[in-house]
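Accompanying notes for the structure given below.
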Amino acid sequence: MSDLFFYGTLRHAPLLKLVLGEADPLPDIMAASLADHAVFGVQDQPFPMIQARPGARAEGLFVRGLTPLQLDRLNFYEGGFDYDLRHVDVTLAEGSDATAQVFFPKEGLWTPDAPWQLEDWIVQWGPLSLHAAAEVMDFHGRLTSEQISRSFPAIRLRAAARLAAAARPADPDRDLARDVVVERHTRAYVNYFGLDELDLRFRRNDGTMSELLNRGALVTGQVAIVLPYDPLRDRVLLVEQFRVPVYMIGDPAPWMLEAVAGMIDPGETPEQAAERELLEEAHLTAHRLEPAGRAYSSCGSSTQFAHLFVALADISEVTDSGGLESEGEDIRTHILTFDALMELIDTQRIKDLGLVAVANWLARHRDRLRG
């Protein structure tokens, strides 16, 4: 059977079109409903689930005549969410009945939340989901749905970062539509990070277009970097953890002293991420966050955009059990005087750029914060 009933996010026409792809014509789509069922949000997830509810009615779309390629693309997209297809009888808007398949979540997999509304989801999650789905579907035919599903959290981080980047002020002296020409865009790799490649030309300072360039970039989300500072005791707290990339490049000291840091989750503000990471990594609660800058951490090779903070806090205890085991973190903390921190920086023993940047901001504002 190639007829499906969609009750959730695939009712959003731009998302459904993206998932189905452009190789085959769009199928017939009409409004329909499923009796004795209701749609709920999923706790801690940006998508809904359907459950049997006597007397209720789930509104949705009946999609008829899907091609084998479109069905395969749908199974790839939905398969990563661990859904099963089941046959149901739906009522079409014209009043007739039809049999369709529905993606039902596996029993006990998700915890239902409040009743779900498509319009609310479009406002909160629609643009992010389109970016995420575009990355997911670029790997159709290259990865299995199980393989791509392991990257879903990181893909959403990158989608949120793309939205945040697009919202930053434009360059008043450049017109991207005229001054940058992309001839090929390839998503070369997906995991915790993504790797994108572009073949492009850009307008040079003399007004001519450059030669065709091939460039790759590490695509990742936004990060909050936080240096805890106790103005009363004039000391800071640093975290220490093993960093695989530092080990991979051959550095003999891959246990790094850093500021507290972590990725900004979709729907989370940089300040909320900073406070969450303080609690997770250092077991600290900030009295106040001081913004200390915003910048790309390595604009020649990575998309990562960092939000820097100094967190005013009472610093009296260290921990050797910071971080989340689920993320493979093994973090311990160190308390240093401000002068000891600056000595480490001045003697170039701190190798983390985020810590160097926020420490130098603190040096400029320390008297104000202590006062």
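The values are calculated or read from the model by the stated rules, or taken from the named source; none is laboratory data. Computed from a predicted structure; not experimentally measured. Don't worry about glycine lacking a Cβ; one is built from the backbone with ideal geometry, like all the others, and counts go over all protein chains shown. Side chains are part of the model used for accessible areas, which takes the heavy atoms of the whole protein and leaves out ligands, DNA and RNA. Shrake-Rupley method; radii C 1.70, N 1.55, O 1.52, S 1.80 Å.
Remark: pairs (first residue in segment 199-213, closer than 16 Å to ALA177 by Cα; second residue of a type in the set (Ser, Thr, Tyr); Cβ separation under 7 Å; 6+ apart in sequence or on different chains) = ARG201/SER210; PHE202/SER210; ARG204/SER210.
In segment 69-128, which residue that is open to solvent by 60 Å² or more (accessible area, probe 1.4 Å) and basic (Lys, Arg) is farthest from GLY41 (Cα to Cα)? Filtering segment 69-128 for residues that are open to solvent by 60 Å² or more (accessible area, probe 1.4 Å) and basic (Lys, Arg), the one farthest from GLY41 (Cα to Cα) comes out as ARG86. With respect to the conditions (1) exposed (fewer than 14 other Cβ atoms within 10 Å of the Cβ); (2) modelled with pLDDT under 95; (3) on the phi < 0 side of the Ramachandran plot, PRO14 lacks only one, and its number is (2).
Among residues of segment 48-65 that are closer than 15 Å to ASP89 by Cβ and touching a residue at least 12 places away in the same chain (Cβ under 8 Å), those with a beta-carbon under 9 Å from a residue that is of a type in the set (Gly, Ala, Ser) and open to solvent by 80 Å² or more (accessible area, probe 1.4 Å) at least six positions away or on a different chain give the pairs PHE62/ALA93. The set of residues from segment 345-365 being buried (at least 18 other Cβ atoms within 10 Å of the Cβ), closer than 23 Å to PRO252 by Cα and more than 28 Å from the chain's Cα centre (by Cα) comprises just one member, ILE350.
Selection of segment 34-63 for residues being open to solvent by less than 10 Å² (accessible area, probe 1.4 Å) and touching a Gly at 6+ places or on another chain (Cβ under 7 Å) yields LEU34, PRO48. It is to be established whether one or more residues within segment 320-335 are touching a strand residue (DSSP E or B) at 6+ places or on another chain (Cβ under 6 Å) and assigned to a loop (DSSP other than H, G, I, E, B). The answer is yes, given that some residue of segment 320-335 is touching a strand residue (DSSP E or B) at 6+ places or on another chain (Cβ under 6 Å) and assigned to a loop (DSSP other than H, G, I, E, B). Among the residues of segment 1-60, those identified as under 24 Å from ASP72 (Cβ atoms) and of a type in the set (Lys, Arg) are ARG11, LYS17.
Residues in segment 183-195 that are touching a Leu at 6+ places or on another chain (Cβ under 6 Å) and open to solvent by 80 Å² or more (accessible area, probe 1.4 Å): 2 in all.
Of all residues in segment 318-370, those satisfying the criterion of being more than 26 Å from MET263 (Cβ to Cβ) and of a type in the set (D, E, K, R) are ASP339, GLU343, ASP346, ARG349, ARG364, ARG366, ASP367, ARG368, ARG370.
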